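The structure appears below as structure tokens.
The values are calculated or read from the model by the stated rules, or taken from the named source; none is laboratory data. In this text, all values refer to a predicted model and were calculated from it rather than measured experimentally. We place every Cβ from the backbone using ideal geometry, glycine too, and count neighbours over all the protein chains shown.
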Amino acid sequence: MWGRKEKDLPEAVEFARPLVHGGFSTPDGVAVAITEYFEPDTVTPAQARAVVDRLWQARVAEQHTWPPVTDPDRVLAAFSSLAAEGVVARADFTCCQHCGLTEIGAEAAPGDRGFAFFHSQDTARAVEGGELLLSYGRLADSSADTAEVGQVVAAALRAQELSVTWDGSPEERIRVEVEWRKRLG
């Protein structure tokens, strides 16, 4: 195992690609995630860092061919605009739906009526070419209607010229058609 090179670690590359391409992680964070994900001594910290460095450099090179404003830029702009509507919005928030729903209330400011977020599994799905799924709802201490919050979120996304699919049902997540090209910071 110790003599393996990063090119011999396709599982590590497959694991790391959505984290790097998602655009929310740091190189150090992805390298740590790789070593924590795999069995001890399967991928060394140096091997993990080599995988990340190669993926990171390739993604930075791709960015030069992207338009000035990408779909993730539009999503994040819509999320920024939601604060003025009393909706706390978080991108790549927590690991999953359950954790996001449990933790989003702590992110709210006094007077916020609702929330919107997508979690890291949603980011990974979007990276792989799927839709971006958004969770939304009213905050526990708010009298806002869940569907009303969904309408506000969908309108903010559409204002950014994103293609949104949502039937208005509070039981359905909002779907956003995206080409996930978030620039690395």
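Descriptive notes on the structure:
- Here Leu55 meets the list (1) over 30 Å from Gly150 (Cβ atoms); (2) out of contact with any helix residue (DSSP H, G or I) (no Cβ under 6 Å at 6 or more places or on another chain) almost entirely, failing just condition (2).
- Close pairs (7 angstrom Cβ cut-off, 6 or more residues apart or separate chains): farther than 22 Å from Leu139 by Cβ in the range 164-176, aromatic (Phe, Trp, Tyr) anywhere: Arg175/Trp166
- Scanning the range 97-110 for residues that are among the hydrophobic types (A, V, I, L, M, F, W, C) and exposed (fewer than 13 other Cβ atoms within 10 Å of the Cβ) yields Ala106, Ala109.
- Some residue of the range 117-124 being out of contact with any Pro (no Cβ under 6 Å at 6 or more places or on another chain), assigned to a helix (DSSP H, G or I) and surrounded by fewer than 13 Cβ atoms within 10 Å (Cβ to Cβ): no
- From the list Leu157, Leu132, the lone residue that is modelled with pLDDT of 95 or more, within 30 Å of Val13 (Cα to Cα), aliphatic (A, V, I, L, M) and touching a strand residue (DSSP E or B) at 6+ places or on another chain (Cβ under 6 Å) is Leu132.
- Exclusive hit being outside any loop (DSSP other than H, G, I, E, B), aliphatic (A, V, I, L, M) and surrounded by 13 or more Cβ atoms within 10 Å (Cβ to Cβ), set Ala50, Ala84, Ala46: Ala50
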